[in-house]
Amino acid sequence: MHSYKNIPQNKMARKNIAAGNWKMNTSIEEGVALAQVVANAQRDKETVTILAVPFTHIYPLQKKIKSSSKVFLAAQNCHHKNSGAYTGEISPSMLATMKVPYVVLGHSERREYNHEDNALLALKLRAALDAGLKVIFCCGEALEIRKANSHISHVKTQLSESLFQISAQEMKNIIVAYEPIWAIGTGETASPAQAQEMHAAIRAMLQKQYGKRVADNTSILYGGSVKGSNAKEIFSQPDVDGGLVGGASLNATEFVEIINAF
Ligand code: PEP
């Protein structure tokens, strides 16, 4: 059971979240097996577990995972329109019809390989929220930006040009994920102090934009080479409310360790 001892008062307002991002990995059979191990494992019931899976896996996983296991599915992307001549795309309303609760938007891989910019992400956020989806909104800087000490202003621009287009009321459907690009899939993690510095800065930005209540209630996840061995230290930072986990979420034992690291 979760112990609230030593947790700052304002952290209690927020959910602890462990979200796995499978990216373009696993066959359907492998994915079903992985999700079943996660769903059936002994887990801290206070922690929200989310699996961001390939579109093809959503329906088979919904059939196999019991809703009582409290493992929620996320899509890894969606289009900014609900229908039309957009070959190969999946719309927010299609996900909503399938009762997929979450969608990840703004992952750095989509920003880089699919040229998704802040303006497009603002449209996607709008469309996803209008369809009734909850959004895991990713932000984070590249190595050159960190070296130039511009990481905080970079993330501020990402938030103000995309996320801050939505209302305070809608923020209850947002999870922010801070993912320094230099730590994604590299094995290099931000230090707990680096993560805390940025998370506190993001929370201050949320407070300035939406007020203290929204800032205190919004979960901010860290992403970038989170593993079973480093999750506890990172998650114990006062403004870190969990993780968005790539590589390590493909290993059920490791991911369950991360879920139980709060
Ligand atoms: C990610 O894809 O969001 C991520 C953080 O990947 P990894 O954990 O592998 O660095």
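A few notes on this one:
- Residue pairs meeting the criteria (Cβ under 9 Å; at least 6 apart or on separate chains; first in a strand (DSSP E or B), in the range 35-56; second of a type in the set (Ser, Thr, Tyr)): Val48/Ser219; Thr49/Ser69; Ile50/Tyr102; Leu51/Ser249; Ala52/Tyr102; Ala52/Ser249
- Filter result for Lys124 (at pLDDT 95 or above, outside any loop (DSSP other than H, G, I, E, B) and among the charged types (D, E, K, R)): yes
- Given (1) touching a residue at least 12 places away in the same chain (Cβ under 8 Å); (2) at positive phi, index of the condition Gly84 fails: (1)
- Residues in the range 156-186 that are within 16 Å of the ligand (Cβ to nearest atom) and either aromatic (Phe, Trp, Tyr) or surrounded by 18 or more Cβ atoms within 10 Å (Cβ to Cβ) (or both): Gln158, Ile175, Val176, Ala177, Tyr178, Glu179, Pro180, Ile181, Trp182, Ala183, Ile184.
- Positions within the range 40-60 being under 19 Å from the mean Cα position of the chain (by Cα) and modelled with pLDDT of 95 or more, in sequence order: Val48, Thr49, Ile50, Leu51, Ala52, Val53, Pro54, Phe55, His57, Ile58
- Conditions (1) assigned to a loop (DSSP other than H, G, I, E, B); (2) buried (at least 16 other Cβ atoms within 10 Å of the Cβ): number failed by Ala195: (1)
Listed here are the residues, each with its yes/no results for (1) without any contact (Cβ under 8 Å) to a residue 40 or more places away in the chain; (2) away from the ligand (no atom under 16 Å from the Cβ).
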residue	(1), (2)
Tyr102	no, no
Gly106	no, no
Glu109	no, no
Tyr113	yes, no
Asn118	no, yes
Leu123	no, yes
Ala128	no, yes
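- Tally, over the range 5-34, of residues that are of a type outside the set (Ser, Thr, Tyr), at pLDDT 90 or above and not in a helix (DSSP H, G or I): 12
The values are calculated or read from the model by the stated rules, or taken from the named source; none is laboratory data. Everything quoted here is computed from the prediction, not taken from an experiment. Note that we place each Cβ from the backbone using ideal geometry, even for glycine, and neighbour counts take in every protein chain shown.
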